[in-house]
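Structure record follows, encoded as structure tokens.
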């Protein structure tokens with residue numbers, strides 16, 4: 001039901017990144033229980049009121065490209081995706097290996113070719129574009145990939161397109177990470193300028209950030225494994241911490257795309273309202289809703305309604 005100026009989103013995408021799973025369920029760096037962190041993210045998503053049309057993982061699915069890590073990833077993710085009735089979109093990351101990725105996530109013959117795919121989410125096109133360079137951690141796109149992308153974009157999708165990559169085409173304030181950025185970004189810009197791409201989703205940076213590229217919004221999801229602390233002590237060149245992990249929810253409306261960050265950590269509720277109030281709110285006229293929810297004199301805004309739940 002529409003309560004404000006905007007109708008409900010036409011499509012919803014859950015955006016997770018950088019799971020960095022290891023074989024045999026090992027902890028990353030011997031300290032971070034990455035499978036537990038992924039489990040918490042999926043539990044948070046499934047317990048919420050959000051029912052995504054697609055769940056996108058923007059790369060670094062595994063830390064070392066181990067076959068058992070991919071198997072464990074599928075075992076953790078696919079049941080949740082099935083219960084939510086969503087489409088699953090994988091994206092290659094620099095810590096992944098193309099042969100194992102193609103064979104163990106897509107049940108294909110192992111391939112060392114770029115892993116580029118197109119997903120139709122009820123008229124919303126999600127393009128998974130492989131920005132990885134075998135044997136390296138920086139990003140780059142081959143000429144044939146750019147031509148493939150140009151051909152895909154030559155026909156607009158009914159609800160537009162979302163480009164999902166691992167290396168986001170934006171600057172980073174972490175100088176050492178800029179060495180590992182997507183190289184020759186101007187070539188990608190030439191292909192996507194004027195296209196129907198409405199947003200670019202990325203990972204790689206291990207912190208949440210937003211920018212524009214070629215006039216297109218870029219949304220980078222933080223990692224579920226560990227995050228890079230932008231406010232770390234100045235004596236640290238990089239500081240990866242086991243905290244502040246999150247994922248994003250991307251709501252696609254007719255005219256705008258909104259990305260919102262959801263922390264993995266759950267905190268004590270200070271105030272709120274039960275879903276029991278929803279039928280009452282929906283039953284109000286627009287004028288009544290405005291008076292009850294906007295007026296400073298209403299029971300809602302004096303916390304009387306919330307107090308009555310206690």
Checklist entry - In what sequence do 154, 111 fall when counting other Cβ within 10 Å, fewest first? => result 154, 111
Next on the checklist: Based only on other Cβ atoms within 10 Å, what is the fewest-to-most ordering of 68, 233?
Outcome noted: 233, 68
Next on the checklist: Of all beta bridges DSSP finds with both residues in the stretch 77-192, what is the antiparallel percent, to the nearest 5?
Outcome noted: 55
Checklist entry - Tilt of helix 34-47 relative to the longest C-alpha principal axis of the chain, in degrees (0 to 90, nearest 10)? => result 40
Item to check | Helix 143-153 vs. the chain, principal-axis angle (Cα, 0 to 90°, nearest 10) | outcome: 30
Item to check | Rg in Å to one decimal, and Dmax rounded to a whole Å, for the stretch 209-249 via C-alpha atoms | outcome: 12.7, 36
Checklist entry - Expressed as an acute angle from 0 to 90° and rounded to the nearest 10, what is the orientation of the C-alpha long axis of helix 67-84 relative to the principal long axis of the chain? => result 30
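Based only on other Cβ atoms within 10 Å, what is the fewest-to-most ordering of 106, 267?
Numbers: 106 12, 267 6.
Ranking 106, 267 by Cβ neighbours within 10 Å, fewest first, gives 267, 106.
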Checklist outcome for this item: With the convex hull built on the alpha-carbon atoms of the stretch 163-310, volume per residue in Å³ sits at 175
Next on the checklist: Order 136-147, 194-205, 280-291, 94-105 from most to least packed using the mean count of other Cβ atoms within 10 Å.
Outcome noted: 194-205, 94-105, 136-147, 280-291
Checklist outcome for this item: The Rg/Rh figure for the stretch 11-263, Cα atoms and Kirkwood Rh, to two decimals is 0.93
Item to check | the chain - share of DSSP beta bridges that are antiparallel (%, nearest 5) | outcome: 55
Checklist outcome for this item: Expressed in angstrom and rounded, the centroid-to-centroid distance over alpha carbons for the stretch 102-123 and the stretch 1-37 is 20
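Read the figures in this text as sums done on the coordinates, not as results from a lab. In this text the structure is predicted, and so the values were computed from the model without any measurement. Positions of Cβ are generated from backbone atoms using ideal geometry, with glycine treated the same way; all protein chains shown enter the neighbour counts.
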